[in-house]
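Working notes for the structure below.
The values are calculated or read from the model by the stated rules, or taken from the named source; none is laboratory data. These figures come from a predicted structure and were not determined experimentally. Don't worry about glycine lacking a Cβ; one is built from the backbone with ideal geometry, like all the others, and counts go over all protein chains shown.
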Amino acid sequence: MDIDLSSDDLAFQQEVREFLATNAYKHGADYAQWRLNWFKLAREKGGWDVTKWPEAFGGPGWSPTQHYIWEQETAIAQTPWDLPFGLSMLAPVLMSHGNEEQQNRFLPDIRDRKVNWCQGYSEPNAGSDLANLKTKAVLSEDGSHYTVTGTKIWTTLAHIADWIFCLTRTSDSGKKQEGITFLLIPMKQAGIEVKPIITLGGSHTVNMVHLTDVKVPVENRVGEEGKGWGYAKGLLAHERTGLAGISKSLAALENLRKQANEVKRGNGTLLDDPSYRAKLAELEIDLLATEFTELRSLASAANGAEPGPESSILKLKGTEIQQRIQKLTVEAGGIYSAAWGAMPVGHMFARGGMSGYLSSRAYTIYGGASEVQRDVIAKNVLGIKRSQTK
Amino acid sequence: MNFDISSEQQILKDSVDRFVQDHYELDKRQLLVLTEQGFSNENWQTMAELGWLGVSIPEAHGGFGGNQIDTMILMEAFGKGLVLEPFFASTVLGAKAIADGGNEELKTQMLPGVVDGSRQLTFAYAEPQSRFDLEDIVTRAQEDGDGYIINGHKSMVLHAASAHQIVVSTRTSGGQADQAGISLFLVDADADGVEITSFPTVDGQQAAEIKLEGVKVSNSKLLGELGGGYNLLNAVATDGILALAAEAVGAMEILYKDTVAYTQEREQFDHSLSDFQVLQHRMVDMFMEYEQCKSLLYRATLEVVQNAGGAQRSVHALKYYIGKMGTFIGENAVQLHGGMGVTEELRIGHYFKRLLVIDAQFGNSDHHLALFAA
């Protein structure tokens, strides 16, 4: 057992630091141009623009430790904004289940950040029970296209998306999980209507998407008809063993500690308040534990082992920690935390803190609510099987 | 970065797991608890023969020359069996103080006996007024010719009645709560003026109050620096915390797994208890906190072994978390076993008691949270 980075890993860490420092955004530069150029330079490093893609598709082929180093370093450096929908959610499905023509057609634009995707999974009556989805896709008699009708909900950034990857129902017979088909649908067409949903934080991020008699060519079906659930489920498992945002949370906590030290309280600062201080300490200890849980999980992945039981808890712990950081930011804002939006009152760092906190309540709901995660751990890790009802 | 144990450590783990399985069924353990000594001489000899009693003692003195990772492997297994033999008091605490702080002659005189099991040590650091502060010491050692005379009262000394020598923290200068002015001495348990009053602890082990009245020790029995003993005291406490945490992790594993098994067997309302989601989620939380404790155990242990910068804070984090979650897992294991959970008949109550005692040793959860936050 040891926690040292190898000399190769240390050299890699140095290389990453240099790359991030050299290509940091410079004040006054054109952001959009800097962003695209950053991805181009990252690509020239050998797949640093698609760090999680397999080598066969242009990824860097990093070890788990290298991924961890990348995550640590990018948590504290400024990197361009990026969206996970095409890059991390659809791309792996296309790589494993799409045909070559689909891979050639969609992957390059995803990689170049040219096309924005959104995810059409949840429906008004299919939330945690996702397999209950009802959006209908009917194959034409000549087998050339599907006609899709139904409603998707909580669709993040559907209002700026060019395409949606959708789970649709092509059959009602058999188990709910059977008869689900994975379709790729352009957003900008008649029959698709996007309605904004404003969330508690006051922002427009998610939407309701109505599809009415939308024609989808059969070439846009990924894999076989009726097998879509398996493709989507594989993706969800992949997501859960991913990183839990620990490095970002460690950086955010460090920041919060500095800022709390600037909030005056009596003759001292908020950091002198024993109860606030204890909450920061408890949060940091949870982070130290979760960081090592993640490292244990990465180390077993590096040995080629299946993710151990410890990896199942990362999403749960990681999102709860992110919420607690938001809550402590609100607390640091004091009386000004009541000001709506980012009004120029109170401490700069705490402005909009309440919005951030309210938005963070969704972290333990999306991507599998915490209660569903616990159901999954009970079944798959603790091995609890439902007994026969008498 | 690597979390696998070496092949040598795997052999150690296999042999200690087998020992616990063969010798530590609850019924056998509870018979040992009832004996005056509170543990088995036969087991003690087995531990010596297998080399465990010298696991962390330097090879030059007959030991195995291992580090805190080797101790962790033993203690985690002992936690799964609620092992009673005084390995913790003698090897982890007493021998550490001598190996790190004793002069060569003293080490040669004391350590081989610890390794072969003929000599048993213990460590007296707490006092009635000190609560959890290592540096709060009023037991005084006063210079007297070529030695010292010790007067004072030490609390909750583990297995003192069967120990041959006791490491005692004393004050040779400074005020009651100063880190400076602390000196550690090795005192013979049968020396004139040493009065040992033994009693059982909640978890079936043995401890004692020790009164020291005019106890003479020679200069050669000084461990560490005169007046500068705090660092040695803290180093021993650090190893103690790591070892207790490993034992706690072993005990937590039994508690959560026994609970999962029991709720699947027990039927009420025509269902296995494990069908009820509220119980499933509780057990998932017990499992998650067990894994988090294990992560902090690895973190603190590896940082101490590698002398990393954040090691001291990680040790505080570990002891805080073990205490808090030991109580959480123990209380819920009892709760989910229902009425059977509060009987002596099932083993879970005994593991719960051990976790409660571990929380109270070397600073409880609140104490270490305060130190971490400081």
Quiz item: So is B:Asp275 within 9 Å of another protein chain (Cβ to nearest Cβ) and surrounded by fewer than 20 Cβ atoms within 10 Å (Cβ to Cβ) or not?
Solution: no
Quiz item: Which members of region B:24-39 meet the condition of being surrounded by fewer than 18 Cβ atoms within 10 Å (Cβ to Cβ), of a type outside the set (A, V, I, L, M) and within 14 Å of B:Leu82 (Cβ to Cβ)?
Solution: B:Glu25, B:Asp27, B:Lys28, B:Gln30
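Kindly evaluate A:Gly352 against the criterion of being small (Gly, Ala, Ser) and more than 18 Å from the chain's Cα centre (by Cα). Walk me through it before giving the result.
Numbers: small (Gly, Ala, Ser): yes; more than 18 Å from the chain's Cα centre (by Cα): yes.
When the stated conditions are applied, A:Gly352 passes them.
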Quiz item: Taking only pairs six or more apart or across chains, which ones have beta-carbon atoms under 7 Å, a first residue in region A:267-279 that is surrounded by 15 or more Cβ atoms within 10 Å (Cβ to Cβ), and a second residue that is in a helix (DSSP H, G or I) and among the acidic types (Asp, Glu)?
Solution: A:Tyr276/A:Glu331
Quiz prompt | Criterion (more than 26 Å from B:Lys221 (Cβ to Cβ), touching a residue at least 60 places away in the same chain (Cβ under 8 Å) and of a type in the set (Asp, Glu)) met by exactly one of B:Asp70, B:Asp100 | solution = B:Asp70
Quiz item: Has region B:200-208 got any residue that is more than 30 Å from B:Asn103 (Cα to Cα), aliphatic (A, V, I, L, M), surrounded by fewer than 22 Cβ atoms within 10 Å (Cβ to Cβ) and touching a residue at least 60 places away in the same chain (Cβ under 8 Å)?
Solution: yes
Quiz prompt | Checking A:Gln177 against (1) assigned to a loop (DSSP other than H, G, I, E, B); (2) closer than 30 Å to A:Trp34 by Cβ, the condition it does not meet | solution = (2)
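Taking the condition of a type in the set (Gly, Ala, Ser), in a helix (DSSP H, G or I), touching a helix residue (DSSP H, G or I) at 6+ places or on another chain (Cβ under 7 Å) and crowded, with 20+ Cβ neighbours inside 10 Å, does B:Ala235 pass? I'd like the intermediate steps shown before the answer.
Details: of a type in the set (Gly, Ala, Ser): yes; in a helix (DSSP H, G or I): yes; touching a helix residue (DSSP H, G or I) at 6+ places or on another chain (Cβ under 7 Å): yes; crowded, with 20+ Cβ neighbours inside 10 Å: no.
The answer is no for B:Ala235.
Results for (1) over 28 Å from A:Gly304 (Cβ atoms); (2) in contact with a Lys or Arg (Cβ under 9 Å, 6 or more places away or on another chain); (3) charged (D, E, K, R), shown as yes or no for each residue.
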residue	(1), (2), (3)
A:Asn37	yes, no, no
A:Lys45	no, no, yes
A:Val50	no, yes, no
A:Gly59	no, yes, no
A:Thr79	yes, no, no
A:Phe85	yes, no, no
A:Ser88	no, yes, no
Quiz item: Just checking, how many residues over region A:70-86 are surrounded by fewer than 20 Cβ atoms within 10 Å (Cβ to Cβ) and under 13 Å from A:Trp163 (Cβ atoms)?
Solution: 1
Exercise. Please determine, by comparing only the residues of region B:312-321 that are hydrophobic (A, V, I, L, M, F, W, C) and touching a residue at least 60 places away in the same chain (Cβ under 8 Å), which one is nearest to the other protein chains (Cβ to nearest Cβ).
Key: B:Leu318
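Return the only residue of B:Gly224, B:Gly228 being away from chain A (no Cβ under 14 Å) and touching a helix residue (DSSP H, G or I) at 6+ places or on another chain (Cβ under 9 Å). Give the derivation first.
Values: B:Gly228 fails: touching a helix residue (DSSP H, G or I) at 6+ places or on another chain (Cβ under 9 Å).
Result of the check over B:Gly224, B:Gly228: B:Gly224.
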Quiz item: Only one of (1) more than 20 Å from A:Gly304 (Cα to Cα); (2) away from chain B (no Cβ under 14 Å) fails for A:Gln13. Which number is that?
Solution: (2)
Exercise. Filter region A:299-326 for residues that are closer than 18 Å to B:Leu297 by Cβ and facing another protein chain (nearest Cβ under 8 Å) and give the result.
Key: A:Ala299, A:Ser300, A:Pro309, A:Glu310, A:Ile313, A:Lys317
Practice problem: For residues that are over 30 Å from B:Ile73 (Cβ atoms) and either assigned to a helix (DSSP H, G or I) or of a type in the set (D, E, K, R) (or both), tally how many sit in region A:1-58. | Solution: 34
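In region A:53-69, what residues are among the small types (Gly, Ala, Ser) and either closer than 27 Å to A:Ile3 by Cβ or free of Cβ contacts under 8 Å to residues at least 40 places away in the same chain (or both)?
Within region A:53-69, A:Ala56, A:Gly59, A:Gly61, A:Ser63 qualify.
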Quiz item: Any idea which residue in region B:286-310 is surrounded by the fewest Cβ atoms within 10 Å (Cβ to Cβ), counting only those that are more than 8 Å from chain A (Cβ to nearest Cβ) and free of Cβ contacts under 8 Å to residues at least 60 places away in the same chain?
Solution: B:Asn307
Practice problem: From (1) within 28 Å of B:Tyr320 (Cα to Cα); (2) surrounded by 16 or more Cβ atoms within 10 Å (Cβ to Cβ), pick out the condition that doesn't hold for B:Thr172. | Solution: (1)
Quiz item: When residues of region A:29-52 are filtered for being closer than 14 Å to A:Asp112 by Cα and either among the basic types (Lys, Arg) or touching a residue at least 60 places away in the same chain (Cβ under 8 Å) (or both), how many remain?
Solution: 7
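Quick grid of which residues meet (1) touching a strand residue (DSSP E or B) at 6+ places or on another chain (Cβ under 7 Å); (2) surrounded by fewer than 24 Cβ atoms within 10 Å (Cβ to Cβ); (3) modelled with pLDDT of 95 or more:
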{"residue": "B:Gly63", "(1), (2), (3)": "no, yes, yes"}
{"residue": "B:Asn67", "(1), (2), (3)": "no, yes, yes"}
{"residue": "B:Leu74", "(1), (2), (3)": "no, no, yes"}
{"residue": "B:Phe78", "(1), (2), (3)": "no, no, yes"}
{"residue": "B:Leu82", "(1), (2), (3)": "no, no, yes"}
{"residue": "B:Ala89", "(1), (2), (3)": "yes, no, yes"}
{"residue": "B:Lys96", "(1), (2), (3)": "no, no, yes"}
{"residue": "B:Asn103", "(1), (2), (3)": "no, yes, yes"}
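Pick from region B:213-227 the residues that are small (Gly, Ala, Ser) and surrounded by 15 or more Cβ atoms within 10 Å (Cβ to Cβ): which of them is nearest to B:Leu106 (Cα to Cα)?
Within region B:213-227, the subset small (Gly, Ala, Ser) is B:214, B:218, B:220, B:224, B:227.
Now narrow it down to the ones that are surrounded by 15 or more Cβ atoms within 10 Å (Cβ to Cβ): B:224, B:227.
Numbers: B:Gly224: 12, B:Gly227: 19 Å.
The residue in question is B:Gly224.
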Quiz item: Here are some residues: A:Ala369, A:Ala342, A:Ala378, A:Ala338. Which one is touching a residue at least 12 places away in the same chain (Cβ under 8 Å) and within 14 Å of chain B (Cβ to nearest Cβ)?
Solution: A:Ala369
Exercise. Tell me, please, whether a residue that is in contact with a Ser or Thr (Cβ under 8 Å, 6 or more places away or on another chain) and assigned to a loop (DSSP other than H, G, I, E, B) can be found in region A:62-82.
Key: yes
Quiz item: Just one of the numbered conditions (1) in the same structural domain as A:Leu271 (by TED's automatic domain parsing); (2) surrounded by fewer than 16 Cβ atoms within 10 Å (Cβ to Cβ); (3) more than 18 Å from the chain's Cα centre (by Cα) is not true of A:Ala302; which one?
Solution: (2)
Quiz item: When residues of region B:276-292 are filtered for being more than 16 Å from B:Glu331 (Cα to Cα) and not aromatic (Phe, Trp, Tyr), how many remain?
Solution: 3
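Does region A:114-131 contain at least one residue that is assigned to a loop (DSSP other than H, G, I, E, B), among the hydroxyl-bearing types (Ser, Thr, Tyr) and touching a Gly at 6+ places or on another chain (Cβ under 9 Å)? Working first, answer last.
Within region A:114-131, the first condition is being assigned to a loop (DSSP other than H, G, I, E, B), and the residues that meet it are A:114-116, A:121-122, A:124-125, A:127-129.
Next cut, among the hydroxyl-bearing types (Ser, Thr, Tyr) only: A:121-122, A:128.
After this cut, where a residue has to be touching a Gly at 6+ places or on another chain (Cβ under 9 Å) as well, the list is A:128.
Yes, the conditions are met somewhere in region A:114-131.
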Exercise. Please work out which residue is surrounded by the most Cβ atoms within 10 Å (Cβ to Cβ), limiting yourself to region B:331-374 and to residues that are of a type in the set (D, E, K, R) and away from every other protein chain (no Cβ under 14 Å).
Key: B:Arg354
